[in-house]
Structure formats: structure tokens, C-alpha cells
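*Asks:* Let me give you the structure first, and then I'll get to my questions.
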Amino acid sequence: MNNRLQWPRRVILLVFLALAYPILSHGADMFGWFKKKEVFLSSEVNGVITENGTPVANLEVTRSLMYIDGKDHIDVATTDSEGRFYFPRKTIKSSIPNRLFAENHVSQHITIEPNGELLPLWIANHVGITEVPEFSEKLSKITCDVVDAQVDFGFKNNNNPHLDHMATSICRWEADYKPIWLYDGENEYRVNNYDLNDLTKRK
């Protein structure tokens, strides 16, 4: 009878120790979970918007950044006479990164709405709370023409060469740009060999 009672007690003790360890390991800083850390939301964004190669002026560009706290951080910029726009680097303070098992990621959306049609300049999920250089490199120079089709594409992931980062955009990059799917508003196409001129319509 005693052995039967001891087994559940051992399980309870193990569970208690597993939960208590993070607190005990902090020592005097056992309340570190409540301290706020800097969370990186987005690097600087520099872009140019054209229509058939002609700069589009006075066009509103919206950047929406959402961390796992569910708060939407929205900035709006307007293109100048040369179609250029800019967003500054964005960070916030949050205690969420100190929580056990927190899956830190940021949803990044940069969009325009010419003629009432919502177009993505950049849609991606940024994993972690620190800057990812590959994302920053892409956002440092965005060249977009509003007549180009939306594309899902991959780009290098320095932490895992076998798993590319992914993003969606109507914009184009000359290097480190692997188009995978193209959407023309009505149909979806597979991009063969990362060549936008070699498409297979999805049935």
C-alpha cells in the first residue's frame, strides 16, 4: 500500500521541481520573468514604387507589425515625387520573451492600396526577438511596380541553409530571390526553376 502511495508523490515532486527550476536558477533575480526585454519588430525600410516604370507619387504605404501580444503597430508613409518611401527601425519592450515556452515571432505586413486594390510589398513572419540580417537586407532596398504580380518567394537563411526564409510581395529583387508561386489575381502558377517566365498553372 505504501509503495502505491509513494509513486504518485514522486510524480508530483518531479513536476514541482520541473516548474520550480527556472525560478530557482534565477537566484535573486527570480522575478526576472516580469522584466521587459527589447523586441525587434522591423529594420529600416527603403523602397521605390513605380507603375510601368514611372514613379508613383503621393501613395500611402502602410506598415503593420504584430508581435505575439496581439498589438498592431501601424506606421504610414507617403511616396515622394520619385516614388520613394521610408520607415524607421522599430522595436518595443515586452516581458513576454521571459515566459516559459514563448514562441516569439512578428508578423510583418507592408501594403499599398492603389485604385482600391490591396497589394503586398512585403508579408513575412519574423521569428525571434532579434534582428535577422537576411530580412534587413531585403527591406533595405525594395523595388516595386504596381503592375507586377504577387509572388511567394524564398531567400537564404544563414542559420539553416536547408530551410529558406519565405515572404510574399509584388516587388522584385535581383539577388537571393527564388520565386515559387505567382498569383495574377485570378489564377495561381507554379514558378519553374525560379524563372518568372516559366510558369505552370495550378489546377
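*Asks:* Compute the distance in nm between two label points, each set 7 Å from the Cα along the Cα-to-Cβ direction, one at LYS178 and one at SER136.
*Replies:* My value for the distance between the label points is 2.3 nm.
*Asks:* R0 = 22 Å: FRET efficiency of GLU188 with MET166, Cβ-based, nearest 0.05? Mind showing how you got there, number by number?
*Replies:* On the way: r = 16 Å, r/R0 = 0.71.
Efficiency at R0 = 22 Å is approximately 0.90.
*Asks:* Counting other beta carbons within 10 Å of each Cβ, put ARG63, ARG202 in order, fewest first.
*Replies:* By the 10 Å Cβ count, ascending, the order reads ARG202, ARG63.
*Asks:* Follow-up question, since we're still on this one. Cα to Cα, under 20 Å, and not fewer than 8 places away if on the same chain: which lysines meet these conditions relative to LYS178?
*Replies:* Once the sequence-local lysines are set aside, what remains near LYS178 is LYS138, LYS141, LYS156, LYS201.
*Asks:* Fewest Cβ neighbours within 10 Å first, please rank LYS156, LYS141 accordingly.
*Replies:* Fewest to most other Cβ atoms nearby, the residues stand as LYS141, LYS156.
*Asks:* Using a cut-off of 20 Å between alpha-carbon atoms, which lysines can reach LYS71, once sequence neighbours fewer than 8 places away in the same chain are excluded?
*Replies:* Answer for LYS71, where 20 Å is the Cα cut-off: LYS35, LYS36, LYS37, LYS90, LYS93, listed by chain and number.
*Asks:* Along the Cα→Cβ direction, 7 angstrom out, place labels at ARG84 and LYS37. What is the inter-label distance in nm?
*Replies:* 3.6 nm
*Asks:* Which of the GluC sites (Glu not before Pro) found in segment 38-99 are in a DSSP loop and have at most 16 neighbouring Cβ atoms, other than their own, within 10 Å?
*Replies:* Of the GluC sites (Glu not before Pro), the ones in loops of segment 38-99 whose Cβ has at most 16 other Cβ atoms within 10 Å are GLU44, GLU82.
*Asks:* Under the rule a/c < 1.5 gives rounded, and otherwise a/b versus b/c splits prolate from oblate, where does segment 37-201 land using the Cα gyration tensor?
*Replies:* Because a/c hits 1.5 or more and a/b fails to exceed b/c, segment 37-201 counts as oblate.
*Asks:* Among HIS126, HIS105, rank each residue by its count of other Cβ atoms within 10 Å, from fewest to most, as a rough exposure measure.
*Replies:* So the ranking, lowest neighbour count to highest, is HIS105, HIS126.
The numbers here are math on the coordinates, done by the rules we state, and not lab data. All figures in this text were calculated on a predicted structure; none of them were measured in a lab. Using ideal geometry, Cβ is built from the backbone for each residue, glycine included, and neighbour counts are taken over all protein chains shown.
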